[in-house]
Amino acid sequence: MAPVKKLKKKKKKKKSKKGAIVAEREKCSSSLPPEAKAVDSDWWQSFCNKNSTPFIPSSGPSLHDEEEERFKHFFRVSKKTFDYICSLVREDLVSRPPLGLINIEGRLLTVEKQVAIAMRRLASGESQVSVGEAFGVGQSTVSQVTWRFIESMEVRACHHLSWPGPTEMEEIKAGFEANLGFPNCCGAIDATHITMTLPAIETSDDWCDSERNYSMLLQVIVDHNLRFLDIVTGWPGSMNLSLILKCSGFFKLCESGERLVGPERVLTILPSRARVREYILGSGAYPLLPWLITPYEERDSFGFNAKHQEARRVAERALLQLKGSWRILHKVMWRPDKHKLPSIILVCCLLHNIMIDGGDGLKEGVALSDHHDLGYKEELSQVVDPQGQALRDDLSKYLS
């Protein structure tokens, strides 16, 4: 994945949170003409008035519950999590010149409204024109605001997507064993295509995948709670899953003995008392490696494949949720900048994790109902490592 731009952090003076926010707003409005200094603080009510489609809450009789569900419907997160996201990007959105970020009524866009515009664009996948109309701003404003938000989030929220430490990993392994039966399992791997249209001048076989779509690949490793632990993106859709794995930093770390090297687990119920190292689960499109366990290609006698498929479905479900929640990744993107698209994908993955970390949970009704890569056929890998084969046999006996 292309390196992310680093945003310079400013030294902050100690002040109350309220005082800091007021100072930021004054700083933003000081360079604007007097008639444009009013702040559009009632953006949520204005948005509701413009989007008055009847809304029936799934549960909860109170007006408060209905408003909270309406908010989640449009922006995917609770108001509490939305405020947290605003706190992450506030400094960047306030400190950079807000030229042109004034709505049609001549009022300065607040940080909250800017975040709402960006998140609605990502959540709905609607055109910039449609999103702009919903907020009373122009297409160029939606474009500016969304990109400023993405640039800030990929730096300020990056701590929400990192490889777990030893304590966290023990919790993940315990979760996989308790829920799915696999001992010492650290995650499941899968990948999906982000489809797009390209200008004729940019079209090439590199970006044209097996289904004749122009696409970019996203590879993810997911824990038992559908949380992303590692992602790789930016590679053309023409690559197969085995190759994108080999090009990833995760592969290099595993092969060099720097990842998936935690404590082994002794399978005491087996006569051989086999020792099981840390590993992840993947489909037959991936190579069978000492640290990546795939299903048997032929019919297995212990029912291992069915249990394996159930366990690695956590990755499939996470991608269904990702594309369902952040529909910009599900719809065919209209001529995206291929250099910016990895950042958009990354921020959607960060938002997915923030929803889980913030306690919002993932709404099943939002997830895609079909496969996240509908229409794509899996190309089976023929790579079989003897150590991976031995580990798979031990796991098969243990699970039987």
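The values are calculated or read from the model by the stated rules, or taken from the named source; none is laboratory data. Being a predicted model, the structure only gives us computed values, none of them experimental. Glycine also receives a Cβ, built like all others from the backbone with ideal geometry; neighbour counts cover every protein chain displayed. With ligands, DNA and RNA removed, areas are computed over all heavy atoms of the protein, side chains included. Shrake-Rupley method; radii C 1.70, N 1.55, O 1.52, S 1.80 Å.
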Exercise for review: List every residue pair whose Cβ atoms lie under 6 Å apart, where the two residues are 6 or more positions apart in sequence or sit on different chains, the first residue falls within the range 122-133 and is without any contact (Cβ under 8 Å) to a residue 60 or more places away in the chain, and the second residue, located anywhere, is open to solvent by 10 Å² or more (accessible area, probe 1.4 Å) and assigned to a helix (DSSP H, G or I).
Suggested key: Gln128/Gln139; Gln128/Ser143; Val129/Gln139; Val131/Arg120; Val131/Arg121; Gly132/Gln139
Review point. Among the candidates Ile280, Ile293, Ile269, which residue alone is crowded, with 19+ Cβ neighbours inside 10 Å and closer than 15 Å to Tyr398 by Cα?
Key: Ile293
Review point. Name the residues in the range 283-315 that are of a type in the set (Phe, Trp, Tyr), assigned to a loop (DSSP other than H, G, I, E, B) and in contact with a Ser or Thr (Cβ under 9 Å, 6 or more places away or on another chain), would you?
Key: Tyr286, Tyr296, Phe302
Check your understanding: Which residues, taken from the range 261-304, are among the polar types (S, T, N, Q) and more than 30 Å from Ser210 (Cα to Cα)?
Key -> Thr268, Ser272, Ser301
Exercise for review: Could you grab the pairs with beta carbons closer than 8 Å, sequence gap of 6+ or different chains, first residue in the range 377-400 and at pLDDT 90 or above, second one part of a helix (DSSP H, G or I)?
Suggested key: Ser381/Leu241; Ser381/Ser242; Val383/Ser242; Arg392/Phe304; Leu395/Phe304; Ser396/Phe304; Leu399/Phe304; Leu399/Lys307
Exercise for review: Please give the helices (runs of 4 or more DSSP H) falling wholly within the range 26-144 in which 1 or more residues are open to solvent by 40 Å² or more (accessible area, probe 1.4 Å) and either of a type in the set (S, T, N, Q) or at pLDDT 95 or above (or both).
Suggested key: 43-50, 79-95, 111-124, 128-135
Review point. Consider Phe182 against the criteria (1) open to solvent by less than 10 Å² (accessible area, probe 1.4 Å); (2) aromatic (Phe, Trp, Tyr); (3) more than 20 Å from Gln389 (Cα to Cα): it satisfies all of them except one. Which criterion is unmet?
Key: (3)
**Study point:** Close pairs (7 angstrom Cβ cut-off, 6 or more residues apart or separate chains): modelled with pLDDT under 95 in the range 251-262, of a type in the set (A, V, I, L, M) and surrounded by 15 or more Cβ atoms within 10 Å (Cβ to Cβ) anywhere
**Key:** none
**Study point:** Subset of the range 335-361 [farther than 19 Å from Leu217 by Cβ and not in a helix (DSSP H, G or I)]
**Key:** Gly358, Gly359, Asp360, Gly361
Study note, to complete from the structure: Filtering the range 338-348 down to residues that are surrounded by fewer than 19 Cβ atoms within 10 Å (Cβ to Cβ) and in contact with a helix residue (DSSP H, G or I) (Cβ under 9 Å, 6 or more places away or on another chain) yields Lys338, Lys340
Check your understanding: Restricting attention to the range 350-370, does a residue exist that is in contact with a strand residue (DSSP E or B) (Cβ under 8 Å, 6 or more places away or on another chain) and closer than 22 Å to Ser238 by Cα?
Key -> no
**Study point:** Flag if Val155 is modelled with pLDDT of 95 or more, assigned to a helix (DSSP H, G or I) and touching a helix residue (DSSP H, G or I) at 6+ places or on another chain (Cβ under 9 Å)
**Key:** yes
Study note, to complete from the structure: Across the range 316-334, the tally of residues that are of a type in the set (A, V, I, L, M, F, W, C), open to solvent by 70 Å² or more (accessible area, probe 1.4 Å) and part of a helix (DSSP H, G or I) stands at 0
Practice item. Please go through the range 367-400 and pick out each residue that is among the acidic types (Asp, Glu) and either open to solvent by 50 Å² or more (accessible area, probe 1.4 Å) or within 15 Å of Pro271 (Cα to Cα) (or both). Key: Asp370, Glu378, Glu379, Asp393, Asp394
Practice item. Go over the candidates Ala285, Ala274 one by one and state the one that is closer than 20 Å to Ala318 by Cβ, in contact with a strand residue (DSSP E or B) (Cβ under 9 Å, 6 or more places away or on another chain) and either at pLDDT 95 or above or small (Gly, Ala, Ser) (or both). Key: Ala285
Exercise for review: Filter the range 240-261 for residues that are open to solvent by less than 30 Å² (accessible area, probe 1.4 Å) and assigned to a loop (DSSP other than H, G, I, E, B) and give the result.
Suggested key: Ser248, Leu260
Review point. Does the range 185-201 hold any residues that are in contact (Cβ under 8 Å) with a residue 24 or more places away in the chain and either surrounded by fewer than 23 Cβ atoms within 10 Å (Cβ to Cβ) or among the hydrophobic types (A, V, I, L, M, F, W, C) (or both), and which are they?
Key: Cys185, Cys186, Ala188, Ile189, Ala191, His193, Ile194, Thr195, Met196, Thr197, Leu198, Pro199
